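Colleague: Could you have a look at this structure, given as structure tokens, before my questions?
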Amino acid sequence: MKANKLIYGGIFLTSLATLMYEVLLTRIFSITTWYHFAFLAISIAMIGMTVGAILVYVRPREADFEQTAKRQAVSAFAFSISSILAILGHLSVPMFISLPAGETMAVALLLSLPLLLCVFIFSGISISLTLTRYPSEMHSLYAADFCGAALGCILLIVSLNYLDGISDVFLVGALASLAAYLFASCTSDGKLKTLTAISAICLAIVAGVNGYLSWEQRPLLHVFWSKGLADQDLKFERWNCFSRIRVWGHPEFSQMPFEFGYSRNMPMDTRIQQMWLDMDGNAAAILYHYQGDLSKFNFFKYDVSNIAYDFIKGGKSLVIGVGGGKDILAAMALGEKSVTGVEINNNIVFMMTKQFGDYTGHLERDAKVRLINDEARSFITRTNEKFDTIQATLVDTWAASASGAFALTENGLYTVEAWRTFLNHLTDHGILTVTRWYHQPVPAEIYRLVGLGRAALISTGVKDDPRAHIVLVRLVNSMMAEQLHSSDGLGTILVSKSPYTPEQLNRLDALCKQLGFEMALSPRGALDPNLALAADGKLKELSDAVPFNVSPATDDKPFFFQMLNIWRLDDKRIYYSGPTANNVLSVVVLLVCLVAVAFFSFYCFRMPMLMTKDKTQLKGSLPLFVYFFSIGVGFMLIELSQVQRFSILLGHPIYALSVVLFTLFLATGLGSLCFNKLAGMVHEQLHKLIIGLFAVSAVFGLATPTIVESFSSHPTPERIGIVILCLLPLGFVLGLGFPTGMRLGFGLNEKLTPWLWGINGAASVCGSVLSVLLSMLLGISFSYWLGCAFYVLAAYCALKMGARVELTDATPT
């Protein structure tokens with residue numbers, strides 16, 4: 001059979017819609033549940049597509065072009081309709097089931113996952129049929145598949161700047177229906193063409209209308225619950241590709257400041273008008289009502305995160321993550337002469353300066369304030385300015401935001417390399433002040449924070465006594481903790497560019513007693529012996545004392561918040577450490593997911609084998625199976641490790657998603673498109689093609705860390721350009737792997753090809769989970785080189801099969 005332009009358009013749109021839907025699921029799951037279940041959406045997508053491919057293998061019903069096209073159309077149309085029904089079902093659970101928050105999330109997930117699995121099964125059937133029923137054009141169809149995914153990355157970013165997540169689901173449905181229409185146009189079934197055309201038009205209209213109403217803050221369909229709780233008093237909501245921002249509360253009421261950082265020494269009659277802002281229903285900030293009178297905000301000195309401003313007066317401050325503007329306002333109220341606020345989220349900037357600018361006092365218009373929409377580490381690396389204080393207060397999120405949601409919440413702000421950059425941009429007596437949660441009974445985040453401060457100081461050249469540069473101030477029994485009957489508090493580390501003098505320590509000690517804080521760690525001593533171990537760099541003793549991984553995070557292992565020590569899973573303390581336990585749970589879920597997908601992958605190989613009646617067709621096929629499994633795992637290991645690595649260089653989740661994934665997908669598609677010509681050039685010398693693939697991968701694996709470090713201070717366009725130049729050759733050679741294997745598969749046994757695509761998909765599921773775990777436990781570099789090792793194994797299998805199959809046979813029989 002020969003594929004026409006309509007078939008090419010159909011697979012292009014199906015792949016585009018599938019990629020968009022997959023990432024949209026991570027966004028929606030990150031809001032309604034937790035980020036580790038958002039990652040589960042990636043596995044569900046790949047599992048469903050793999051099952052679809054295996055169904056094509058075990059049920060080869062179509063015998064000619066029209067029957068194939070009709071099955072492609074029906075599958076794409078089923079994908080379109082089921083994608084909408086699955087999301088609406090997920091969002092409707094709280095309407096019919098009244099349960100506590102945790103149980104609501106669990107039920108919504110359990111009911112949604114089978115439906116979502118069906119969505120991707122339909123997509124997998126359509127794509128598998130397209131890639132396996134037109135053998136002479138398989139390489140160019142595979143190119144169309146990857147080019148569709150590449151455009152899906154861009155379209156998702158653009159659409160979520162104008163539509164909310166639910167409207168975007170309808171847009172995906174419209175695109176899938178349009179794909180079904182293109183497939184149906186290759187048949188004589190007029191009813192199917194009419195049905196798919198009407199569906200595409202209607203779904204596009206719903207997406208546009210609901211998106212417009214969402215922009216006007218009155219959508220008909222929207223995500224109305226988060227983390228098991230219904231939205232209340234919602235004043236504002238806006239989406240982008242890595243967050244949903246919402247503002248809620250009662251702006252006219254005067255209340256006690258509602259945050260964990262205020263000590264009980266704050267006057268009890270303190271009242272202020274305020275609203276809540278949160279990202280994905282969890283990461284929260286406060287919008288204070290400000291009308292130009294800073295004297296009303298003297299209470300900020302009772303917030304432990306602001307201790308540096310009482311310690312250093314009249315300095316030049318930089319705030320990382322402005323949230324609702326509270327930290328900028330605090331720096332101004334406590335006497336800083338200038339404040340630079342760097343905020344990564346454009347929707348937060350819009351909310352502060354436009355939507356609620358009158359409420360927050362238009363801080364950006366103050367002569368002392370400069371507000372910058374950028375990623376903080378990237379901005380600080382590029383600037384030549386020096387600051388007296390650099391402040392980061394609880395800058396994190398339990399959301400699938402980094403790396404386009406294809407990884408857990410690694411954060412480039414909490415690595416040795418990042419803190420070295422921050423310290424190098426301080427004045428001679430400047431202070432880096434970072435506030436994190438102080439969880440009882442094991443404040444693991446704080447231990448890791450102190451160890452990170454020591455490692456960063458050493459990397460800047462402080463060798464003699466790094467502990468002389470570190471102070472930790474804590475607040476355990478805050479006003480908010482007391483009201484919520486919680487023993488948790490906050491700890492603020494003050495890492496000084498120069499050693500603390502006795503006079504400074506005396507001043508700080510007096511401040512702590514006056515404001516109701518505790519000096520938990522200083523050059524003079526420590527309230528907790530584990531803090532002393534962290535400050536002195538005695539990580540072995542510290543690791544024996546606590547059941548967490550508290551070693552300093554690096555750019556090669558940037559998972560600061562994932563502190564699970566897999567050898568201490570039996571220690572009950574790791575499950576009762578406040579929000580730290582939630583991060584532990586995320587890794588446990590990932591480990592369980594790896595075991596589950598390993599079993600799934602085994603049965604993707606085993607079940608079709610049992611269902612194959614004629615076992616003689618399997619003779620000599622083992623190298624073929626190993627080849628496709630190897631390139632599936634290897635591709636995901638290399639792809640995700642590069643996404644993680646270059647996201648640090650680019651500094652922004654949008655860039656990681658658009659530049660890295662778009663370039664890698666597009667280059668892979670171009671590699672597949674050029675496969676026939678390259679195969680003809682090497683003719684019978686297949687080893688040249690395989691060796692060349694590995695050589696290019698190895699070169700870029702060695703060069704990437706140096707490139708990230710060398711170009712980190714260059715302007716954004718230059719950094720984007722260097723990433724594209726690095727990824728184009730790598731993606732190109734990776735794109736040769738699949739068509740090489742499929743051509744060998746067609747030559748050995750054409751009937752096996754859907755199964756081979758399924759094995760590749762099952763391996764990709766394993767690779768996606770394995771990549772994150774390996775990067776977390778052993779480093780991004782290890783994940784990359786293991787991916788290369790799988791390609792070496794694939795090369796061996798290809799060379800073994802190449803002796804039996806003519807690679808350049810463009811029309812296999």
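The values are calculated or read from the model by the stated rules, or taken from the named source; none is laboratory data. Here the structure is a predicted model, which means the values were calculated and not measured. Here Cβ is always computed from backbone atoms with ideal geometry, including for glycine, and neighbour counts include all displayed protein chains. Surface accessibility is based on the protein's heavy atoms, side chains included, excluding ligands, DNA and RNA. Shrake-Rupley method; radii C 1.70, N 1.55, O 1.52, S 1.80 Å.
Colleague: Mind checking which residues of the range 400-416 are on the phi < 0 side of the Ramachandran plot and either at pLDDT 95 or above or of a type in the set (Gly, Ala, Ser) (or both)?
Modeller: Hits for the range 400-416 are ALA400, SER401, ALA402, ALA407, GLY412, VAL416.
Colleague: Would a scan of the range 168-189 turn up a residue that is of a type in the set (A, V, I, L, M, F, W, C), outside any helix (DSSP H, G or I), within 22 Å of the chain's Cα centre (by Cα) and under 26 Å from PHE350 (Cα atoms)?
Modeller: No, that holds for no residue.
Colleague: Restricting the range 159-191 to residues that are of a type in the set (A, V, I, L, M) and more than 24 Å from LEU88 (Cβ to Cβ), which is least open to solvent (accessible area, probe 1.4 Å)?
Modeller: Only one residue fits best here, namely ALA184.
Colleague: Condition first: under 32 Å from the mean Cα position of the chain (by Cα) and farther than 30 Å from SER83 by Cβ. Can you find one or more residues in the range 222-238 that meet it?
Modeller: There is at least one residue in the range 222-238 that is under 32 Å from the mean Cα position of the chain (by Cα) and farther than 30 Å from SER83 by Cβ.
Colleague: Which condition from (1) at pLDDT 95 or above; (2) of a type in the set (A, V, I, L, M, F, W, C); (3) surrounded by fewer than 20 Cβ atoms within 10 Å (Cβ to Cβ) is the one that VAL339 breaks?
Modeller: With (1) at pLDDT 95 or above; (2) of a type in the set (A, V, I, L, M, F, W, C); (3) surrounded by fewer than 20 Cβ atoms within 10 Å (Cβ to Cβ) applied to VAL339, the lone miss is (3).
Colleague: Among the residues that make up the range 62-83, is at least one of them modelled with pLDDT of 95 or more, within 24 Å of the chain's Cα centre (by Cα) and either farther than 30 Å from CYS674 by Cβ or in a loop (DSSP other than H, G, I, E, B) (or both)?
Modeller: Yes, the range 62-83 has at least one match.
Colleague: Of the numbered conditions (1) among the acidic types (Asp, Glu); (2) open to solvent by 30 Å² or more (accessible area, probe 1.4 Å); (3) modelled with pLDDT of 90 or more, ASP396 satisfies every one except a single condition; which is it?
Modeller: (3)
Colleague: Something else now. Within the range 500-586, which helices (runs of 4 or more DSSP H) (wholly inside it) include 3 or more residues that are within 15 Å of ARG448 (Cβ to Cβ)?
Modeller: 529-535, 539-545
Colleague: Are there any pairs with C-beta distances below 6 angstrom linking a residue in the range 695-717 that is closer than 12 Å to SER378 by Cα and polar (S, T, N, Q) to a residue that is in a helix (DSSP H, G or I) and open to solvent by 40 Å² or more (accessible area, probe 1.4 Å), with the two at least 6 apart or on different chains, and if so which?
Modeller: SER713/ARG382
Colleague: Shifting gears a bit: Are any residues in the range 242-260 open to solvent by less than 20 Å² (accessible area, probe 1.4 Å), touching a Phe, Trp or Tyr at 6+ places or on another chain (Cβ under 6 Å) and either without any contact (Cβ under 8 Å) to a residue 12 or more places away in the chain or not β-branched (Val, Ile, Thr) (or both), and if so, which ones?
Modeller: Across the range 242-260, the qualifying residue is only GLY249.
Colleague: Among PHE700, PHE628, PHE694, PHE665, which is the only one that is open to solvent by 20 Å² or more (accessible area, probe 1.4 Å), within 30 Å of CYS153 (Cα to Cα) and either at pLDDT 75 or above or of a type in the set (Asp, Glu) (or both)?
Modeller: Every option except PHE700 fails the conditions.
Colleague: Restricted to the range 508-556, and to residues that are open to solvent by less than 40 Å² (accessible area, probe 1.4 Å) and without any contact (Cβ under 8 Å) to a residue 12 or more places away in the chain, which residue is nearest to VAL462 (Cα to Cα)?
Modeller: Step by step, filter the range 508-556, then rank; the result is ALA532.
Colleague: Looking at (1) over 30 Å from ILE47 (Cβ atoms); (2) open to solvent by 20 Å² or more (accessible area, probe 1.4 Å), which is the only condition VAL588 fails?
Modeller: (1)
Colleague: Does LEU40 fit the bill of being closer than 21 Å to LEU13 by Cα, open to solvent by 30 Å² or more (accessible area, probe 1.4 Å), in a helix (DSSP H, G or I) and not hydroxyl-bearing (Ser, Thr, Tyr)?
Modeller: Considered against the rule, which asks whether it is closer than 21 Å to LEU13 by Cα, open to solvent by 30 Å² or more (accessible area, probe 1.4 Å), in a helix (DSSP H, G or I) and not hydroxyl-bearing (Ser, Thr, Tyr), LEU40 comes out as no.
Residues are listed down the side, and each one gets a yes or a no for (1) in contact with a strand residue (DSSP E or B) (Cβ under 8 Å, 6 or more places away or on another chain); (2) not in a helix (DSSP H, G or I):
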{"position": "SER199", "(1), (2)": "no, no"}
{"position": "ALA204", "(1), (2)": "no, no"}
{"position": "GLY208", "(1), (2)": "no, no"}
{"position": "TYR212", "(1), (2)": "no, no"}
{"position": "ARG218", "(1), (2)": "no, yes"}
{"position": "HIS222", "(1), (2)": "yes, yes"}
{"position": "GLU237", "(1), (2)": "yes, yes"}
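Colleague: Could you please let me know if ALA200 is open to solvent by less than 20 Å² (accessible area, probe 1.4 Å), within 14 Å of SER75 (Cα to Cα), touching a Phe, Trp or Tyr at 6+ places or on another chain (Cβ under 8 Å) and small (Gly, Ala, Ser)?
Modeller: no
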